[in-house]
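Trainee: The structure's right below; bear with me while I get my questions together.
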């Protein structure tokens, strides 16, 4: 008996050490998904929390039941637990164990469906800022069609204003993801997909791609500067006055394979983003280099 | 024991579904085949005529000619492929039904998924 | 090798069903066909999504000519019929007749494939290759896959004819001819849908 | 000439690591050749293994390949984790990292898990249903050799030509020729295509076997649950794999023949590839998981000495899972903008799968309730599976919550989830089955003591590896990045995760050591029933003779062998019941067919069309020759069977 316990202990010790390590490692403030900075990310987090609680209850229940069963019915000399070799069905038990998962699924499915539709809409009576996003090998090109400016690998957005990102790619697929502002959406060549996000407080938020696109994929990182509206206007002015205009040659340079630093342009050639195509399929793709 | 045991097929229970009970009867003259052939020719030409004459609105027309094709497929299965023939079990009918279900699902869902109704409005 | 199941039906059962071991092959072949249904469904799905994506290439309206396609359809429908008659003859134990109808089936299949190849080569000569557009790629692939199946069936029928010529109708050959007939009728069904979904609906609107 | 050399040996295959691997393969291969020559075993290899159509031997060959696959895939995993152990690591460059994670995923799914489940299908199913072989023994051998040569073809990629590097999912348009020149991706497309043909054939084979070759009296509802799981899995195979065939074929046409399916010019649509891939890909998850569920159902009943709880519910949930699995594939790409209606539909359908899965978990637990649980290694894997899979399943439900998925998609949360279910569900199940059926395969037991060491290292290593990855996902780390900077809070968790991967590696090494050790110190198991089993395979001697059952059994109850033992019957047979048995004959055709496909595959990979066409002509020639094959069986005389059975001590009286 004593030997038995020491053996269990041998395995418990490293487990405890690891668990302690994880907890300390987990103490940082970098849980971006759990630290929303806008309404979209917040509503997504709410659902994640609901799901976590529901699943946590399920896990706990099963684990306790499992542990009790295992402890009680393990084979040991002089076991006093009942031995029922032929017990193999119980209508009531089976019904309950079927009904409980059904209930949990209903509890989760209803808000999931509601939120899925809700996230597909902009909040009413607000004019969104539109930013056209193109993922390139291996950098992000951002164009502000209403303001006429363009940036690479960073954007400025005003706090409290919904932003409509129109996403496309001039390269293999990526996803556009700013965890603190909300979930991701694919950037696909030949299509423009909409994604609505909004910053609720000022800050710098890291964005990156989650879909593998080749050798430079790990460097598909950009930053979102959420600033008060006044600062945003100021920033626009600085870019308009202090930055060069993007030429077609600059654009070709951008679509060539390679990484790029953060850049700003006071204007950009019109045919570098499929404007007026929002919401429908582009025939034949828009990949440059006609052949 | 003169004949060796075959390595295979020595029973198991055979599930019989009344509707699908096997039939092997055959007429003395190939009426079934002739009827099937005539019917498929008529259905094919009928569909063609409907399309050439544009008798219906496009969507309705599409539905009608698809239905005609399905009827024709059923005729081929029933009259030519002896769908109900088998050595007892009717598993091929069940499997074929699942296969057709999966096939229809793939086509319809693919079209639905690829039409992109998404849009922030 | 005698049957164990259904001794009562033994006498009425066609030859190809009498040996329970041989019938495993028939069930297996049905399952393969069910699987092939899904393969074609995927190609149909691709075509359904891509048929409007013509890029700079030709549209369905431009390349489909119902005349030759109708001839192909009739050829294939007829071959399906002759194949059915072949089985009918087989069940009556008439080897020569079976071989004749099978040979006719094969010839009709050959004519079908020949016409299809001609159609394809003319299309390529007139409109360019399948590189042109997603529509052309999916069209040629869908129709070509069916054509490939038919070509394989012709090879199969030829092998069966050789075997029938050498051995006549036995349990083994009967089973093989029967599975071939399943395959051939199945291809006919696929063609019916090809004709409807590709060619006929290409002419709608 | 220099062009050819550059095509065969691009810089990527001339890296020191690759050359080292080449050298060790060459030396190892040479060693095996020398050993076989020295022991004069070539004829034996040809007669007993290469040309065999015996399902038991084919199963063992699948197993060997699966183990090699596990070794290579595992080595890849260890290298990936080493690269990610610390920020800004330079152990692997981006190309190298991309190739390794691609081969890791591809091998683990197609060349480890698939052959492993097929190994267990082959080893157990005919014995469990009281059959003498599968329905189509030659086709079974063909499936195996197509798989084996595809395995070799895929693993050749890092020796000549270059490895695939677009991920195991190989999303277009990254696989398009303009973004992915070279032949690496062709290896992926063609090797998977060849093994896929064999897989569909296996599906058909086992479906017919189970539907038509069960012992007398074994109705569907009296089949062992593993057989049920194989039945359902086989039906998933035949309906799901065609979608993969099409996805791969169209990509191949794009790359080799200039079509425009998934290209980004000419109207191509990369997302259609994603769609087709997951039409196959989601059922594939269950193709791997359901057999594992079946194994657990056998193991839990045997080692709890109790009947399985809720048999009809178990069968019903298998069927429900398989049907639902066809209707959930979009959850792999909720973030591709297919629209709220599509996402909501597929989100809810995904959640529904949790219901039958939950039913199964409860039934396993209640099978143990009221039993006497023996802690054998096979049972330990089952016990580890329940909590692991429950947690993995729960995170799966969280991923099915569509707006949640917008945040989790392709992050390390997802990576942790699918390893959680695929290792915790599938690999644990396969290990459980390996320990459970090992004596049936080889006639001796694996060392329980070493097995427990391997188990604990693997299990603890598993949790240390993957729990931190859930947290990394919440910290915004995305999959497939080869490098990450300081300052994001990812470093400690990554380090811990890497240490866990090493522990799993040690577990694997112990397992392999244990196999060798157990073989060298083997004590034959003469009972044929070392676990006090419940199903028919344990009524036979281990290993079973070529014909399995001298006299076919008759079944009256669900746990047929258990019932027979309860009634005091033995597995022995009466001499007068024994008759001659007709068995399929060995044939070289499957091996040659595999080889021809291999030749055609090489030709296609490098676009050497004459070679490809020659290979395909061989294939057709072999098929046609098969149509004329008549003497594909031989009869074992009754006298010989009586002698064999007498030698095994299985004759009554």
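Trainee: Step by step: first the residues of segment D:616-653, then only those that are touching a strand residue (DSSP E or B) at 6+ places or on another chain (Cβ under 8 Å) and surrounded by fewer than 16 Cβ atoms within 10 Å (Cβ to Cβ), then the one that is nearest to residue D:574 (Cα to Cα). Which residue is that?
Mentor: D:652
Trainee: When only residues in segment A:66-92 that are surrounded by fewer than 18 Cβ atoms within 10 Å (Cβ to Cβ) and touching a helix residue (DSSP H, G or I) at 6+ places or on another chain (Cβ under 7 Å) count, which is farthest from residue D:370 (Cα to Cα)?
Mentor: A:70
Trainee: If you don't mind, another one. Inspect segment A:152-167 for any residue being more than 10 Å from chain D (Cβ to nearest Cβ), surrounded by fewer than 17 Cβ atoms within 10 Å (Cβ to Cβ), touching a helix residue (DSSP H, G or I) at 6+ places or on another chain (Cβ under 9 Å) and closer than 30 Å to residue D:351 by Cα and give the result as yes or no.
Mentor: no
Trainee: Does segment A:268-285 contain at least one residue that is at pLDDT 85 or above and more than 27 Å from the chain's Cα centre (by Cα)?
Mentor: Yes, some residue in segment A:268-285 is at pLDDT 85 or above and more than 27 Å from the chain's Cα centre (by Cα).
Trainee: What single numbered condition from (1) more than 22 Å from the chain's Cα centre (by Cα); (2) farther than 25 Å from residue B:112 by Cβ; (3) crowded, with 23+ Cβ neighbours inside 10 Å fails to hold for residue D:375?
Mentor: Only one criterion is unmet by residue D:375, namely (3).
Trainee: Name the pairs whose Cβ atoms lie under 9 Å apart, with the first residue in segment C:164-188 and more than 9 Å from every other protein chain (Cβ to nearest Cβ), the second outside any helix (DSSP H, G or I) and crowded, with 20+ Cβ neighbours inside 10 Å, and 6 or more positions between them or separate chains?
Mentor: Close Cβ pairs satisfying both conditions: C:171/C:18; C:171/C:19; C:174/C:18; C:175/C:19; C:177/C:169.
Trainee: Only one residue in C:194, C:136, C:160 is within 14 Å of chain D (Cβ to nearest Cβ), touching a residue at least 24 places away in the same chain (Cβ under 8 Å) and under 16 Å from residue C:61 (Cα atoms). Which one?
Mentor: Criteria check complete, one pass: C:136.
Trainee: Considering (1) in contact (Cβ under 8 Å) with a residue 60 or more places away in the chain; (2) part of a helix (DSSP H, G or I), say which one residue D:394 fails and leave the rest.
Mentor: It is condition (1) that residue D:394 fails.
Trainee: Shifting gears a bit: Suppose we keep only residues that are assigned to a loop (DSSP other than H, G, I, E, B) and at the interface with another protein chain (Cβ under 8 Å from one of its Cβ atoms) within segment D:327-344. Which one would you say is surrounded by the most Cβ atoms within 10 Å (Cβ to Cβ)?
Mentor: The extreme case among them is D:337.
Trainee: Return the residues of segment A:147-186 that are under 17 Å from the mean Cα position of the chain (by Cα) and farther than 29 Å from residue A:237 by Cα; say none if nothing qualifies.
Mentor: Scanning segment A:147-186 gives A:173, A:174, A:175, A:183, A:184, A:185, A:186.
Trainee: Further question on the same structure: Working only within segment B:99-121, note down all residues that are at the interface with another protein chain (Cβ under 7 Å from one of its Cβ atoms) and modelled with pLDDT of 75 or more.
Mentor: B:99, B:100, B:102, B:103, B:105, B:106, B:107, B:110, B:111, B:112, B:113, B:114
Trainee: Name, by its number, the condition in (1) assigned to a helix (DSSP H, G or I); (2) away from chain B (no Cβ under 14 Å); (3) over 26 Å from residue D:56 (Cβ atoms) that does not hold for residue D:562.
Mentor: All conditions pass for residue D:562, except number (3).
Trainee: So, one more: When the residues of segment D:171-213 are filtered to those that are in a loop (DSSP other than H, G, I, E, B) and more than 11 Å from every other protein chain (Cβ to nearest Cβ), which remaining residue is surrounded by the most Cβ atoms within 10 Å (Cβ to Cβ)?
Mentor: D:183
Trainee: Ok, one more. Could you tell me whether any residue of segment B:59-76 is buried (at least 20 other Cβ atoms within 10 Å of the Cβ), modelled with pLDDT under 90 and either in contact with a strand residue (DSSP E or B) (Cβ under 8 Å, 6 or more places away or on another chain) or within 7 Å of another protein chain (Cβ to nearest Cβ) (or both)?
Mentor: yes
This table checks each residue for (1) within 20 Å of the chain's Cα centre (by Cα); (2) modelled with pLDDT of 95 or more; (3) surrounded by 21 or more Cβ atoms within 10 Å (Cβ to Cβ).
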residue	(1), (2), (3)
C:93	no, no, no
C:110	yes, yes, no
C:128	no, no, no
C:134	no, no, yes
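Quick grid of which residues meet (1) modelled with pLDDT of 95 or more; (2) over 24 Å from residue D:418 (Cα atoms):
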residue: D:252; (1), (2): yes, yes
residue: D:268; (1), (2): no, yes
residue: D:275; (1), (2): yes, no
residue: D:288; (1), (2): yes, no
residue: D:317; (1), (2): yes, no
residue: D:336; (1), (2): no, no
residue: D:342; (1), (2): no, no
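Trainee: Condition (residue is in a loop (DSSP other than H, G, I, E, B) and more than 14 Å from every other protein chain (Cβ to nearest Cβ)) applied to segment D:447-461: is it met by at least one residue?
Mentor: There is at least one residue in segment D:447-461 that is in a loop (DSSP other than H, G, I, E, B) and more than 14 Å from every other protein chain (Cβ to nearest Cβ).
Trainee: In segment D:553-582, what residues are in contact with a strand residue (DSSP E or B) (Cβ under 7 Å, 6 or more places away or on another chain) and within 18 Å of residue D:440 (Cα to Cα)?
Mentor: Hit for segment D:553-582 is D:572, nothing else.
Trainee: Looking at (1) part of a helix (DSSP H, G or I); (2) within 14 Å of chain B (Cβ to nearest Cβ); (3) surrounded by 24 or more Cβ atoms within 10 Å (Cβ to Cβ), find the lone condition where residue D:281 falls short.
Mentor: The one condition residue D:281 does not meet is (3).
Trainee: Given (1) at the interface with chain B (Cβ under 8 Å from one of its Cβ atoms); (2) over 26 Å from residue D:243 (Cβ atoms); (3) touching a helix residue (DSSP H, G or I) at 6+ places or on another chain (Cβ under 6 Å), where does residue C:64 come up short, assuming only one miss?
Mentor: Result: residue C:64 passes all but (1).
Trainee: Tell me yes or no: at least one residue of segment D:460-470 is surrounded by fewer than 24 Cβ atoms within 10 Å (Cβ to Cβ) and within 21 Å of the chain's Cα centre (by Cα).
Mentor: yes
For (1) more than 8 Å from every other protein chain (Cβ to nearest Cβ); (2) more than 22 Å from residue D:319 (Cβ to Cβ); (3) assigned to a helix (DSSP H, G or I), each residue gets a yes or a no:
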position	(1), (2), (3)
D:226	yes, no, yes
D:234	yes, no, yes
D:238	no, no, yes
D:243	no, no, yes
D:250	no, yes, yes
D:255	yes, yes, yes
D:264	no, yes, no
D:275	no, yes, yes
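The values are calculated or read from the model by the stated rules, or taken from the named source; none is laboratory data. Since we're looking at a predicted model, the values are computed, not measured. No Cβ is skipped: glycine too gets one built from the backbone with ideal geometry, and neighbour counts run over all protein chains shown.
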